[in-house]
Amino acid sequence: MNRIRGWPVSLEEGPVGLRPLRLRDASALREVRVRNADWLKPWEPTHPEMPLQTTSLAPYLGMVQAIRREARLGIAMPWAVTYEGRFAGQLTVGAITWGSARSAQVGYWIDRACAGRGVTPTAVALAVDHAFFTVGLHRIEANIRPENRASRRVAEKLGFREEGVRRRQLHIDGEWRDHICYALTVEDVPQGLLARWRRRRTGDDLGDRKSDTAGPETV
């Protein structure tokens, strides 16, 4: 078992929080994802571990158990996103590779009711800073469908670098879909991504509120 340094951990910035995903979150996951099914469907894998439409609790419990197992193996950090103390979505730093790569992928989804409040970029900035400066990762990617402009906007506003298209990378909403690879390395944010985001919000608050509707495809 290869536990991650600095995990488990809870992080917060104002009303936005990240805390380790728990088994008792399964009910909230079910409620939020079923309620947001139409909104999430265009970005959802065709055969997800956690179906959007099911009213059964079992698939959600299974998903949480599986991703918590990955955390114990040192290959994922699965967080619940909270807003003003309430469950608002999920963010995972997953596919962690150690050795000479020290890389990972970040994925997230958010309750539509919480969109437009800066929740998503704040949560991503918290997670990336922790991954870089506490866990010791070097590179983090976010792979996003070209059509998912809201999610792309989050990556771009945080300063993720666009590195090209990965052709037919994932089976999404019934077809093999291209994804744009966005990436950051620790050298890109020597003062931290959260500090960059705070500066950006100060100068562009209206734009931030309009573009916080990132999809879940990279979870």
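Tally the residues that are surrounded by 17 or more Cβ atoms within 10 Å (Cβ to Cβ) and modelled with pLDDT of 95 or more, restricting the search to region 193-209.
4
Report, ordered by the first and then the second residue, all pairs with beta carbons closer than 9 Å, sequence separation of six or more or different chains, a first member in region 4-29 that is open to solvent by 30 Å² or more (accessible area, probe 1.4 Å), and a second member that is modelled with pLDDT of 95 or more and among the acidic types (Asp, Glu).
What qualifies is LEU11/ASP129; PRO15/GLU84; ARG19/GLU12.
Among the residues of region 61-71, write down those that are within 19 Å of GLY6 (Cβ to Cβ) and either open to solvent by less than 10 Å² (accessible area, probe 1.4 Å) or not acidic (Asp, Glu) (or both).
Of everything in region 61-71, those that are within 19 Å of GLY6 (Cβ to Cβ) and either open to solvent by less than 10 Å² (accessible area, probe 1.4 Å) or not acidic (Asp, Glu) (or both) turn out to be ILE67, ARG68, ARG69, ALA71.
Please count how many residues of region 143-163 are part of a strand (DSSP E or B), charged (D, E, K, R) and crowded, with 18+ Cβ neighbours inside 10 Å.
The number of residues fulfilling the criteria is 0.
So if I check each of ALA66, ALA115, which one is of a type outside the set (S, T, N, Q) and closer than 22 Å to GLY14 by Cβ?
ALA115
Does ILE140 satisfy being open to solvent by less than 10 Å² (accessible area, probe 1.4 Å), touching a strand residue (DSSP E or B) at 6+ places or on another chain (Cβ under 6 Å) and among the hydrophobic types (A, V, I, L, M, F, W, C)?
yes
Would you pick out the residues in region 72-92 that are under 18 Å from ILE4 (Cβ atoms) and either open to solvent by less than 10 Å² (accessible area, probe 1.4 Å) or among the β-branched types (Val, Ile, Thr) (or both)?
Of everything in region 72-92, those that are under 18 Å from ILE4 (Cβ atoms) and either open to solvent by less than 10 Å² (accessible area, probe 1.4 Å) or among the β-branched types (Val, Ile, Thr) (or both) turn out to be GLY74, ILE75, ALA76, MET77, PRO78, TRP79, ALA80, GLN90, LEU91, THR92.
What about LEU126, is it open to solvent by 10 Å² or more (accessible area, probe 1.4 Å), among the aliphatic types (A, V, I, L, M) and over 16 Å from the mean Cα position of the chain (by Cα)?
no
Looking at region 180-192, is at least one residue of a type in the set (D, E, K, R), open to solvent by 60 Å² or more (accessible area, probe 1.4 Å) and at pLDDT below 95?
No, region 180-192 contains no residue that is of a type in the set (D, E, K, R), open to solvent by 60 Å² or more (accessible area, probe 1.4 Å) and at pLDDT below 95.
If I go through region 107-125 residue by residue, how many of them are part of a helix (DSSP H, G or I) and closer than 11 Å to VAL81 by Cα?
6
Can you tell me which of SER103, SER56 is small (Gly, Ala, Ser) and farther than 18 Å from ALA37 by Cα?
Checking each option against the conditions leaves just SER103.
Suppose we keep only residues that are hydroxyl-bearing (Ser, Thr, Tyr) and in a strand (DSSP E or B) within region 164-202. Which one would you say is nearest to the chain's Cα centre (by Cα)?
TYR182
The values are calculated or read from the model by the stated rules, or taken from the named source; none is laboratory data. Not measured: the values here are computed from a predicted model. Glycine gets a Cβ as well: all are built from the backbone with ideal geometry, and neighbour counts include every protein chain shown. Surface accessibility is based on the protein's heavy atoms, side chains included, excluding ligands, DNA and RNA. Shrake-Rupley method; radii C 1.70, N 1.55, O 1.52, S 1.80 Å.
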